[in-house]
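This report concerns only the one structure given below.
The values are calculated or read from the model by the stated rules, or taken from the named source; none is laboratory data. Everything numeric here is computed off the predicted structure, so don't read it as measured data. For neighbour counting, all protein chains shown are included, and Cβ atoms are generated from backbone atoms with ideal geometry for every residue, glycine included. Surface areas here come from the heavy atoms of the whole protein model, side chains and all, with no ligands, DNA or RNA. Shrake-Rupley method; radii C 1.70, N 1.55, O 1.52, S 1.80 Å.
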Amino acid sequence: MLFRGWGESVDGPWPDAATVVDHVGVPHLVVTRHALVRRLLTDPVTFRPDNALDAVTPIPVAALRVLAGHRFRLPPTLANNAAASHPEIRGIVADALHPDRVAAQQPWLTGLVRERVTRLAADLAAGEPVDLYADLAADLPLLVLARLVELPDAPVGAVKDFARAALELFWAPLDGSRQLALAAEVGRFHTVLRAFAAAGGGLAARLRAAGHSPDVVVGALFFLLVAGQETTSQFLTLLLHRLAGEPAVRAGLRAGEVAVADVVEEGLRLEPPIVTWRRVAAVDTTLGEVAVPAGTSIVAWLARAGRDPAVVAAPGEFRPGQRGSRRHLAFGAGPHRCVGAQLARMEAAVVVAEAAPLLDGVTVVRPPWCPDNLTFRMPDAFVVRRT
Ligand code: HEM
């Protein structure tokens, strides 16, 4: 359950509000109810974010040595930073992702997606299978992010490989040999980032100008390169897959009766790319009926909270605009709430508006496959062909 939380059936029995689950001898308290998840995320004094990026399978000494060989260091900067430096670092990132700057990217992104959709429609018409992950969704968020924060000129493929390796190294159940391979991949890219952090423009330059150390600049870029693009490309893939099975929603979009923004919100509620997020109890406390000793790792099951019948009218059904649809916690809540939410929403709206018509009259040849992971869905190929 801990690593396939996204796969739990909505029709199955509602799990207890808070359940203890063990992984490699470490207990995690899994919290499901919307109200409890919200409380957890919005009270950073009782429930600190320090463990948000900890490896859920502890990294063995051999892999730590590989990371150390690349001078890998990841000081808390954003998601796991409870220190006084957090608001300032967050503010600099938020400026780079200001809603006006995000809106300014929309015409460019629309043009790019339209071009791709035209090509994919021609391939489908010719009877070819198309992969809506690889050929449409995978690199779009990275291309937009690069424009917004002036990222290093690393090849897209290298960034995607690094980001997926990081998500696996920190959030998957792993054995020692896989951890070694992932540490080598993540460490190599960390070296690239260090060079960029020292000399790059845009966000890196603004963090340096605010007096942050090279390690902090690398830490912020590291997190952004994962959180700021991989999450959204996963979401775009999951949402398109979901829409392939929702012909009535697509018909509503075609007829102008269903709003694109409502489809995106219902998608975030039912197909969040980040299924869980962690906090650690700072003091002895309680959650619901459960006593929580200080130091307990707590897993907020965001995906379940979005389907809490206390909040949503028809929890398991994709009904854009239904009561409670927008109350999902896919972007977290409180002082660490996702700073890229506006950007992710804009990207998803463009893709839904432009690409949903591709799904009319197609058969799913291969649904996206998602590996075991505590937090990230990480779908791979999503292949369709004309029926
Ligand atoms: C659908 C796409 C996305 C989802 C579902 C998502 C979800 C999340 C979640 C659950 C958190 C943790 C919130 C908490 O602790 O309460 C988070 C934090 C964060 N996200 Fe996102 N995110 C997405 C896209 C993005 C994008 C596009 C960016 C930036 C380009 C971004 C940047 C961040 C940052 C910087 C944080 C840390 C904020 C802080 O600690 O102050 N995310 N996101």
Have a look at Ala35, Ala82, Ala103, Ala96 and point out the one that is surrounded by fewer than 13 Cβ atoms within 10 Å (Cβ to Cβ) and under 22 Å from the mean Cα position of the chain (by Cα). Ala103
State which residue pairs qualify: first residue farther than 18 Å from Ala146 by Cα and inside segment 332-349, second residue of a type in the set (Lys, Arg) and assigned to a helix (DSSP H, G or I) in any location, beta carbons under 7 Å apart, and separation of 6 or more residues or different chains. Ala333/Arg38
Do we find that Val130 is open to solvent by 30 Å² or more (accessible area, probe 1.4 Å) and under 27 Å from Arg385 (Cα atoms) in this structure? no
Every residue in segment 59-79 that is open to solvent by less than 70 Å² (accessible area, probe 1.4 Å) and part of a helix (DSSP H, G or I), please. Ala62, Ala63, Val66, Leu67, Ala68, Gly69
Yes/no for His328 being within 12 Å of the ligand (Cβ to nearest atom), touching a residue at least 24 places away in the same chain (Cβ under 8 Å) and in contact with a Gly (Cβ under 6 Å, 6 or more places away or on another chain): yes
Exactly one of these conditions fails for Asp161: (1) within 16 Å of the ligand (Cβ to nearest atom); (2) open to solvent by 40 Å² or more (accessible area, probe 1.4 Å). Give me its number. (1)
Candidate set: segment 259-306, residues that are over 15 Å from Asp54 (Cα atoms), in a strand (DSSP E or B) and within 15 Å of the ligand (Cβ to nearest atom); chosen: the one modelled with the lowest pLDDT: Trp301
Close pairs from segment 360-384: first in contact (Cβ under 8 Å) with a residue 12 or more places away in the chain and β-branched (Val, Ile, Thr), partner part of a loop (DSSP other than H, G, I, E, B) and open to solvent by 30 Å² or more (accessible area, probe 1.4 Å), Cβ under 8 Å, at least 6 apart: Val362/Thr387; Thr363/Thr387; Val364/Gly245; Val365/Pro129; Val383/Pro129; Val384/Pro129
Give me the pairs: first residue in segment 27-52 and over 10 Å from Leu287 (Cβ atoms) and outside any strand (DSSP E or B), second residue within 15 Å of the ligand (Cβ to nearest atom) and of a type in the set (Phe, Trp, Tyr), beta-carbon distance under 8 Å, and six or more apart or on different chains, which are they? Thr32/Trp301; Leu41/Phe47; Leu41/Trp277; Ala52/Trp277
If you go through Val30, Val10, Val56, Val21, the only one that is of a type in the set (Val, Ile, Thr), at pLDDT below 90 and open to solvent by less than 50 Å² (accessible area, probe 1.4 Å) is Val21
Hits in segment 330-387 (condition: open to solvent by 40 Å² or more (accessible area, probe 1.4 Å), over 30 Å from Ala220 (Cα atoms) and not in a loop (DSSP other than H, G, I, E, B)): Ala353, Pro357, Thr363, Val364, Val365, Arg366, Arg385, Arg386
Take Gln179 and decide whether it is within 14 Å of the ligand (Cβ to nearest atom), among the polar types (S, T, N, Q) and part of a helix (DSSP H, G or I). no
When Pro309 is run through (1) over 16 Å from Pro272 (Cα atoms); (2) in a loop (DSSP other than H, G, I, E, B); (3) at pLDDT 95 or above, the failure sits at (3)
Mind checking whether some residue in segment 145-153 is within 16 Å of the ligand (Cβ to nearest atom) and surrounded by fewer than 16 Cβ atoms within 10 Å (Cβ to Cβ)? yes
